[in-house]
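Since the structure comes first, as structure tokens, the remarks are kept for the end.
The values are calculated or read from the model by the stated rules, or taken from the named source; none is laboratory data. This structure is a prediction, so every number in the text was calculated from the model and none was measured. Backbone-built Cβ (ideal geometry, glycine too); neighbour counts: all protein chains shown.
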Amino acid sequence: MRFNILDAVSDLKVKKSMADKLSINEMAKQLVSIGFECVRCGECCRARSGDNTVILFPDEIQLIVDTQGMTPDEVCEPSIPQFIDDSGTLHCFEWVLKRRNSGDCIFIDADNTCMLYQQRPWICSTYPFFLAFTNGAIKPDIMVSECKGAGRPMDEEYAIKLAELLRDRLLAEITEEIGLLENLEGFEDWELIRDYSRQGYSIAVHDSRGITYITG
Ligand code: SF4
């Protein structure tokens, strides 16, 4: 069955209105019962514990560029392309935070302090939690990623702040996805990439602001 953009946008709009109605108090209660306290192990920022990909939205990239005096190229790179078109251009739909050669985030320092703390992306400020519509559920569930700090006591004030961040992150994710889909043109003619080398191809990165072409 072919992917229908109009249907996907309409589905996302329903999810957005559900996310808007989430009860912060109810979510905060759940967060307290799960528990979390950051133990500053740095594992979520480093490559040694597995996937530490941080997806960035255009607004987040701009905030880092503006506050850190960096260029967009220094902050992020395209995620792995998923489609190719007739001209050989690869297409991807996300930006990811740059990592060092070691695979660790460029903003983690030797004592596990995040040098970006005040401007850190949604994924980082809400870690290890995220909201997801699982198995076609109407309401999103609170999910927990692997984390040494999970299960530790959490006070109510922090839980409320975290619940608000989680709701706002979900709204930002849905808004970005709607904007991206509404900007997507020519998608019907692309093919899924099964086996390719990025060498020599240009990459089109699609987001809610439009398309950025990067030549390999
Ligand atoms: S931005 Fe900060 S919190 Fe996020 S992965 Fe990098 S060092 Fe960790």
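Summary of values
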read-out: Complete set of residues in segment 149-171 that are crowded, with 16+ Cβ neighbours inside 10 Å, within 18 Å of P128 (Cβ to Cβ), touching a helix residue (DSSP H, G or I) at 6+ places or on another chain (Cβ under 9 Å) and touching a residue at least 60 places away in the same chain (Cβ under 8 Å); value: A150, M154, A159, I160, L162, A163, L166, R167, L170
read-out: Some residue of segment 114-124 being part of a loop (DSSP other than H, G, I, E, B), β-branched (V, I, T), within 16 Å of the ligand (Cβ to nearest atom) and under 21 Å from the mean Cα position of the chain (by Cα); value: no
read-out: Residues (in a loop (DSSP other than H, G, I, E, B) and at pLDDT below 95) located in segment 42-99; value: G50, D51, I80, P81, Q82, D85, D86, S87, G88, T89
read-out: Residues located in segment 41-60, provided they are closer than 15 Å to G149 by Cβ, touching a Ser or Thr at 6+ places or on another chain (Cβ under 9 Å) and among the small types (G, A, S); value: G42
read-out: Failed item in (1) under 26 Å from A8 (Cα atoms); (2) at pLDDT below 95; (3) not in a loop (DSSP other than H, G, I, E, B), with K139 passing the rest; value: (3)
read-out: Residues being part of a helix (DSSP H, G or I) and in contact (Cβ under 8 Å) with a residue 12 or more places away in the chain - total across segment 22-41; value: 9
read-out: Condition met for D109 (within 11 Å of the ligand (Cβ to nearest atom) and either within 30 Å of D189 (Cα to Cα) or modelled with pLDDT of 95 or more (or both)); value: yes
read-out: Residue that is more than 17 Å from L180 (Cα to Cα), of a type in the set (A, V, I, L, M) and assigned to a helix (DSSP H, G or I), where the choices are A8, A19; value: A19
